[in-house]
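The values are calculated or read from the model by the stated rules, or taken from the named source; none is laboratory data. Note that the structure is a prediction, hence the values are computed from the model and not measured. Please note: Cβ atoms are built from the backbone with ideal geometry, for glycine as well, and neighbour counts cover all protein chains shown. SASA here: full protein model, heavy atoms, side chains in, ligands and nucleic acids out. Shrake-Rupley method; radii C 1.70, N 1.55, O 1.52, S 1.80 Å.
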Amino acid sequence: MCTAYAERGFAIGVPGLDRSRLDREHRTLVEHREFAVDGAFDEAAEDGAVYEGTAGPLVDDALQRGGARATVVFFGQTGTGKTRSAVAFQERIAAAVFDDRDGFAVAVSCVEIRGKICTDLLGERARVKVLEGAAHEMHLHGAVEARADSKASLLESCGGRIRAGAGVRIW
């Protein structure tokens, strides 16, 4: 799932999700939840098309608004391509941010969320609290924010730290 808490956003997700539980008589109850999505990509989709349809507009919007935040979250079951997408997006995000710009800097945080535990991939895997602000913005309390002032320094900040279950926050 990719989304941003900004004026514009894009969500990729599962249109429906079933959650089952047992009632007092041990009968299985199924609770069906539906989620609105803006689009979906199949396994044949090229990395460039996925980036341009999801994170690209978020990064462009953040840059146009001069310092706004954009959050890119890779979410899904094991083996669905989260890590592959995150690695493919790194170069594209770095190019979008730094190509044709001088004197520009960003802060980047990389976290991994597994179940209810969020850990910092830049800071010795310390625990991080994911909080939502009043304006629905995401805060990663306790996460290291690495400053990057070039394409190379941005790629170095996250390089090698992206793996299964990782989410990257660029702002």
Anything in the range 42-72 that is at negative phi, open to solvent by 40 Å² or more (accessible area, probe 1.4 Å) and not in a helix (DSSP H, G or I)? List them, or say none. ASP42, GLU43, ALA44, GLU46, ARG65, ARG69
Within the range 118-141, tally of residues that are open to solvent by less than 100 Å² (accessible area, probe 1.4 Å), of a type outside the set (A, V, I, L, M) and either over 17 Å from SER157 (Cα atoms) or assigned to a loop (DSSP other than H, G, I, E, B) (or both): 5
Can you tell me which of (1) modelled with pLDDT under 80; (2) loosely packed, with under 15 Cβ neighbours inside 10 Å is the one ARG147 doesn't meet? (1)
On the basis of being at pLDDT 80 or above and of a type in the set (Phe, Trp, Tyr), does PHE89 make the cut? yes
Only one residue in ARG92, ARG84 is closer than 18 Å to LEU155 by Cα, in contact with a helix residue (DSSP H, G or I) (Cβ under 7 Å, 6 or more places away or on another chain), open to solvent by 40 Å² or more (accessible area, probe 1.4 Å) and not polar (S, T, N, Q), so which one is that? ARG92
Residue ID - modelled with the highest pLDDT, chosen from residues in the range 95-112 that are more than 11 Å from LEU154 (Cα to Cα) and aliphatic (A, V, I, L, M): ALA96
